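Comments concern the structure below.
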Amino acid sequence: MYLYLYLNIFTILFPLLLSFDRKVAFYKNWGALFPAILVNGVLFVVWDALFTRAGVWGFNEEYLTGIYLFGLPLEEVLFFLTVPYACVFIYDVLNAYITKDLLQPYVKSIAVALMVVLPLIAVFNMGKVYTSITFMLLTLLHLVHLKYFGTRFLGRFYLAYLVHLVPFLLVNGVLTYLPIVWYNNDYNLGLRIVSIPVEDTLYSMLMLLLTISVYEGLRQRKSVKQYAPVAV
(Lines give C-alpha, C1' and ligand atoms only; values in the text may rest on other atoms or scores of the structure.)
Protein backbone atom coordinates (compact mmCIF):
# COMPACT_ATOMS: atom_id res chain seq x y z
CA MET A 1 0.00 0.00 0.00
CA TYR A 2 1.67 3.22 -1.18
CA LEU A 3 -0.23 5.41 1.25
CA TYR A 4 2.55 7.96 1.81
CA LEU A 5 2.77 8.54 -1.95
CA TYR A 6 -1.01 9.00 -2.13
CA LEU A 7 -0.83 11.57 0.68
CA ASN A 8 1.77 13.53 -1.30
CA ILE A 9 -0.49 13.49 -4.36
CA PHE A 10 -3.48 14.56 -2.26
CA THR A 11 -1.44 17.41 -0.74
CA ILE A 12 -0.43 18.99 -4.04
CA LEU A 13 -3.30 18.03 -6.34
CA PHE A 14 -5.79 20.81 -5.60
CA PRO A 15 -3.18 23.60 -5.16
CA LEU A 16 -1.65 22.58 -8.49
CA LEU A 17 -4.98 22.47 -10.32
CA LEU A 18 -6.03 25.81 -8.81
CA SER A 19 -2.71 27.51 -9.60
CA PHE A 20 -4.28 28.84 -12.80
CA ASP A 21 -7.11 30.66 -11.02
CA ARG A 22 -7.32 34.11 -12.61
CA LYS A 23 -7.40 36.12 -9.39
CA VAL A 24 -4.42 34.36 -7.78
CA ALA A 25 -2.53 33.33 -10.95
CA PHE A 26 -0.16 31.36 -8.75
CA TYR A 27 1.65 29.90 -11.76
CA LYS A 28 3.06 33.35 -12.53
CA ASN A 29 5.12 33.13 -9.33
CA TRP A 30 6.68 29.75 -10.09
CA GLY A 31 9.93 31.52 -11.03
CA ALA A 32 10.36 32.55 -7.39
CA LEU A 33 8.57 29.57 -5.87
CA PHE A 34 10.62 26.68 -7.20
CA PRO A 35 14.04 28.15 -6.23
CA ALA A 36 12.60 28.77 -2.75
CA ILE A 37 11.37 25.17 -2.57
CA LEU A 38 14.81 23.97 -3.74
CA VAL A 39 16.62 25.89 -1.00
CA ASN A 40 14.17 24.58 1.57
CA GLY A 41 14.38 21.03 0.18
CA VAL A 42 18.18 20.81 0.24
CA LEU A 43 18.40 21.95 3.86
CA PHE A 44 15.53 19.80 5.12
CA VAL A 45 16.54 16.66 3.21
CA VAL A 46 20.01 16.84 4.77
CA TRP A 47 18.49 17.37 8.21
CA ASP A 48 15.97 14.58 7.64
CA ALA A 49 18.64 12.13 6.50
CA LEU A 50 20.81 12.85 9.56
CA PHE A 51 17.89 12.44 11.98
CA THR A 52 16.76 9.25 10.27
CA ARG A 53 20.25 7.80 10.55
CA ALA A 54 20.40 8.82 14.24
CA GLY A 55 17.05 7.14 14.98
CA VAL A 56 15.23 10.35 15.88
CA TRP A 57 12.47 9.21 13.52
CA GLY A 58 11.94 6.52 10.91
CA PHE A 59 9.52 5.09 8.36
CA ASN A 60 7.20 2.12 8.14
CA GLU A 61 8.08 0.26 4.93
CA GLU A 62 4.57 -1.19 4.74
CA TYR A 63 3.30 2.16 3.38
CA LEU A 64 6.22 3.00 1.06
CA THR A 65 7.11 2.29 -2.57
CA GLY A 66 10.53 1.01 -1.53
CA ILE A 67 12.38 3.62 -3.62
CA TYR A 68 15.04 5.57 -1.70
CA LEU A 69 16.91 8.80 -2.44
CA PHE A 70 19.69 10.20 -0.23
CA GLY A 71 18.93 7.48 2.31
CA LEU A 72 15.28 8.60 2.56
CA PRO A 73 12.09 7.13 1.13
CA LEU A 74 11.08 8.77 -2.16
CA GLU A 75 7.85 9.87 -0.49
CA GLU A 76 9.75 11.76 2.20
CA VAL A 77 11.79 13.63 -0.40
CA LEU A 78 8.58 14.46 -2.30
CA PHE A 79 7.13 15.78 0.96
CA PHE A 80 9.57 18.71 0.73
CA LEU A 81 8.12 19.59 -2.66
CA THR A 82 4.41 18.99 -2.16
CA VAL A 83 4.01 20.56 1.28
CA PRO A 84 5.88 23.84 0.62
CA TYR A 85 4.05 24.20 -2.70
CA ALA A 86 0.67 23.75 -1.02
CA CYS A 87 1.57 26.06 1.88
CA VAL A 88 2.81 28.93 -0.29
CA PHE A 89 -0.31 28.46 -2.41
CA ILE A 90 -2.41 28.98 0.73
CA TYR A 91 -0.31 32.07 1.54
CA ASP A 92 -0.86 33.60 -1.91
CA VAL A 93 -4.57 32.74 -1.99
CA LEU A 94 -5.10 34.47 1.36
CA ASN A 95 -3.13 37.49 0.14
CA ALA A 96 -5.30 37.68 -2.97
CA TYR A 97 -8.68 37.25 -1.32
CA ILE A 98 -8.10 38.96 2.06
CA THR A 99 -6.81 42.43 1.33
CA LYS A 100 -6.44 43.51 4.96
CA ASP A 101 -3.40 42.27 6.90
CA LEU A 102 -5.47 41.02 9.83
CA LEU A 103 -2.63 39.99 12.14
CA GLN A 104 -0.28 42.92 11.49
CA PRO A 105 -1.20 44.68 14.79
CA TYR A 106 -0.14 41.56 16.70
CA VAL A 107 2.99 40.61 14.73
CA LYS A 108 5.57 42.05 17.11
CA SER A 109 3.94 40.44 20.13
CA ILE A 110 3.76 37.05 18.42
CA ALA A 111 7.35 37.22 17.17
CA VAL A 112 8.74 38.35 20.53
CA ALA A 113 6.80 35.64 22.38
CA LEU A 114 8.18 32.96 20.04
CA MET A 115 11.74 34.29 20.27
CA VAL A 116 11.62 34.29 24.07
CA VAL A 117 9.74 31.05 24.78
CA LEU A 118 11.27 28.77 22.15
CA PRO A 119 14.95 29.29 23.12
CA LEU A 120 14.09 28.75 26.79
CA ILE A 121 12.42 25.42 26.01
CA ALA A 122 15.36 24.49 23.78
CA VAL A 123 17.97 25.29 26.43
CA PHE A 124 16.21 23.21 29.07
CA ASN A 125 15.83 20.28 26.66
CA MET A 126 19.20 20.16 24.92
CA GLY A 127 19.28 16.35 24.98
CA LYS A 128 16.01 16.19 23.07
CA VAL A 129 17.50 17.12 19.73
CA TYR A 130 14.28 17.33 17.73
CA THR A 131 12.94 19.85 20.23
CA SER A 132 16.08 21.88 20.78
CA ILE A 133 17.25 22.12 17.17
CA THR A 134 13.80 22.90 15.76
CA PHE A 135 13.05 25.57 18.36
CA MET A 136 16.45 27.23 18.06
CA LEU A 137 16.39 27.26 14.26
CA LEU A 138 12.91 28.77 14.23
CA THR A 139 14.10 31.50 16.60
CA LEU A 140 17.15 32.24 14.44
CA LEU A 141 15.07 32.29 11.27
CA HIS A 142 12.70 34.82 12.83
CA LEU A 143 15.69 37.03 13.60
CA VAL A 144 17.01 36.74 10.04
CA HIS A 145 13.58 37.37 8.54
CA LEU A 146 13.07 40.46 10.72
CA LYS A 147 16.51 41.78 9.77
CA TYR A 148 15.80 41.61 6.03
CA PHE A 149 12.05 42.21 5.85
CA GLY A 150 11.00 43.72 9.15
CA THR A 151 7.37 42.86 9.90
CA ARG A 152 6.19 43.45 6.33
CA PHE A 153 5.27 39.82 5.58
CA LEU A 154 4.95 38.30 9.05
CA GLY A 155 1.29 39.12 9.63
CA ARG A 156 0.26 37.38 6.44
CA PHE A 157 2.69 34.54 7.14
CA TYR A 158 1.15 33.89 10.57
CA LEU A 159 -2.34 33.88 9.05
CA ALA A 160 -1.27 31.40 6.37
CA TYR A 161 0.37 29.28 9.06
CA LEU A 162 -2.84 29.15 11.11
CA VAL A 163 -4.91 28.20 8.05
CA HIS A 164 -2.38 25.57 6.96
CA LEU A 165 -2.79 23.83 10.33
CA VAL A 166 -6.11 22.37 9.13
CA PRO A 167 -4.65 20.27 6.27
CA PHE A 168 -1.46 19.80 8.30
CA LEU A 169 -3.32 18.11 11.15
CA LEU A 170 -5.20 15.93 8.68
CA VAL A 171 -2.20 14.73 6.67
CA ASN A 172 0.25 14.56 9.55
CA GLY A 173 -2.38 12.85 11.65
CA VAL A 174 -2.51 10.00 9.14
CA LEU A 175 1.29 9.88 8.91
CA THR A 176 1.77 9.57 12.66
CA TYR A 177 -1.33 7.59 13.64
CA LEU A 178 -0.77 4.48 11.51
CA PRO A 179 2.18 5.23 11.78
CA ILE A 180 3.84 5.84 8.42
CA VAL A 181 6.40 7.99 10.22
CA TRP A 182 7.40 7.04 13.77
CA TYR A 183 9.22 9.17 16.36
CA ASN A 184 11.59 8.20 19.15
CA ASN A 185 10.31 10.03 22.25
CA ASP A 186 13.83 10.12 23.69
CA TYR A 187 14.48 13.00 21.30
CA ASN A 188 11.29 15.04 21.75
CA LEU A 189 9.12 16.35 24.58
CA GLY A 190 6.73 13.41 24.37
CA LEU A 191 3.77 15.78 24.00
CA ARG A 192 1.34 14.83 21.25
CA ILE A 193 -1.64 16.36 19.50
CA VAL A 194 -3.41 13.00 19.33
CA SER A 195 -0.54 11.21 17.54
CA ILE A 196 1.40 14.24 16.25
CA PRO A 197 4.50 15.35 18.20
CA VAL A 198 4.04 18.98 19.20
CA GLU A 199 7.45 19.71 17.63
CA ASP A 200 5.97 18.97 14.21
CA THR A 201 3.87 22.14 14.39
CA LEU A 202 7.02 24.24 14.86
CA TYR A 203 8.96 22.20 12.31
CA SER A 204 6.20 23.04 9.83
CA MET A 205 6.36 26.72 10.78
CA LEU A 206 10.13 26.67 10.23
CA MET A 207 9.76 25.05 6.81
CA LEU A 208 7.03 27.48 5.75
CA LEU A 209 8.83 30.58 7.00
CA LEU A 210 12.05 29.60 5.24
CA THR A 211 10.25 28.99 1.96
CA ILE A 212 8.24 32.21 2.13
CA SER A 213 11.30 34.26 3.13
CA VAL A 214 13.23 33.09 0.07
CA TYR A 215 10.11 33.35 -2.09
CA GLU A 216 9.38 36.95 -1.08
CA GLY A 217 13.06 37.85 -1.31
CA LEU A 218 13.21 36.64 -4.91
CA ARG A 219 9.95 38.38 -5.81
CA GLN A 220 11.21 41.60 -4.23
CA ARG A 221 14.48 41.34 -6.16
CA LYS A 222 12.60 40.79 -9.42
CA SER A 223 10.36 43.78 -8.70
CA VAL A 224 13.35 46.05 -8.07
CA LYS A 225 15.01 44.96 -11.32
CA GLN A 226 11.77 45.35 -13.26
CA TYR A 227 11.19 48.92 -12.15
CA ALA A 228 14.81 50.08 -11.99
CA PRO A 229 15.45 53.14 -14.18
CA VAL A 230 17.23 52.41 -17.44
CA ALA A 231 20.39 54.43 -18.00
CA VAL A 232 20.34 56.45 -21.23
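Filtered by the rule that a residue be more than 14 Å from the chain's Cα centre (by Cα), of a type outside the set (D, E) and either surrounded by 17 or more Cβ atoms within 10 Å (Cβ to Cβ) or on the phi > 0 side of the Ramachandran plot (or both), the stretch 75-101 gives V93, L94. Checking L165, L175 one by one, the residue that is under 15 Å from the mean Cα position of the chain (by Cα) and part of a helix (DSSP H, G or I) is L165 and no other. Of the residues making up the stretch 120-138, those that are surrounded by 21 or more Cβ atoms within 10 Å (Cβ to Cβ) and touching a residue at least 12 places away in the same chain (Cβ under 8 Å) are K128, Y130, T131, T134, F135, L138. For the stretch 52-74, filtering for residues that are surrounded by fewer than 21 Cβ atoms within 10 Å (Cβ to Cβ) and in a helix (DSSP H, G or I) leaves 6.
Rundown of residues vs (1) surrounded by 14 or more Cβ atoms within 10 Å (Cβ to Cβ); (2) farther than 26 Å from Y63 by Cβ, yes/no style:
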| position | (1), (2) |
| --- | --- |
| H145 | yes, yes |
| R152 | yes, yes |
| R156 | yes, yes |
| T176 | yes, no |
| L191 | no, no |
| T201 | yes, no |
| M205 | yes, no |
| S213 | yes, yes |
| K222 | no, yes |
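Of all residues in the stretch 62-92, none satisfies the criterion of being among the hydrophobic types (A, V, I, L, M, F, W, C) and over 30 Å from Y177 (Cα atoms). Across the stretch 95-115, the qualifying residues are those that are in a helix (DSSP H, G or I) and among the β-branched types (V, I, T), and the one among them that is farthest from V163 (Cα to Cα) is V112. Pairs are defined by a Cβ separation below 8 Å, a sequence spacing of at least 6 or placement on different chains, a first member in the stretch 153-166 that is of a type in the set (D, E, K, R), and a second member that is buried (at least 21 other Cβ atoms within 10 Å of the Cβ); the pairs so defined are R156/Y91.
Table: residues versus (1) of a type in the set (S, T, Y); (2) farther than 29 Å from F10 by Cβ; (3) in contact with a strand residue (DSSP E or B) (Cβ under 7 Å, 6 or more places away or on another chain); (4) modelled with pLDDT of 95 or more.
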{"position": "H142", "(1), (2), (3), (4)": "no, yes, no, yes"}
{"position": "L159", "(1), (2), (3), (4)": "no, no, no, yes"}
{"position": "T176", "(1), (2), (3), (4)": "yes, no, yes, yes"}
{"position": "I196", "(1), (2), (3), (4)": "no, no, no, yes"}
{"position": "Y203", "(1), (2), (3), (4)": "yes, no, no, yes"}
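Per the conditions (1) free of Cβ contacts under 8 Å to residues at least 24 places away in the same chain; (2) part of a helix (DSSP H, G or I), the sole criterion not satisfied by H142 is (1). Against the test of being more than 30 Å from R219 (Cα to Cα), hydrophobic (A, V, I, L, M, F, W, C) and in contact (Cβ under 8 Å) with a residue 12 or more places away in the chain, the options F89, F70 yield a single qualifying residue, F70. Taken across the stretch 178-185, residues that are part of a helix (DSSP H, G or I) and crowded, with 16+ Cβ neighbours inside 10 Å do not occur at all. Put simply, of V45, V83 the only residue that is touching an Asp or Glu at 6+ places or on another chain (Cβ under 9 Å), among the β-branched types (V, I, T), under 24 Å from Y4 (Cα atoms) and in a helix (DSSP H, G or I) is V45. Scanning the stretch 25-35 for residues that are touching a residue at least 12 places away in the same chain (Cβ under 8 Å), loosely packed, with under 14 Cβ neighbours inside 10 Å and not in a helix (DSSP H, G or I) turns up nothing.
The values are calculated or read from the model by the stated rules, or taken from the named source; none is laboratory data. Bear in mind that the values here come from a model prediction, so they are computed numbers and not experimental data. When we count neighbours, we look across all protein chains shown, and the Cβ atoms used for this are built from the backbone with ideal geometry, even at glycine.
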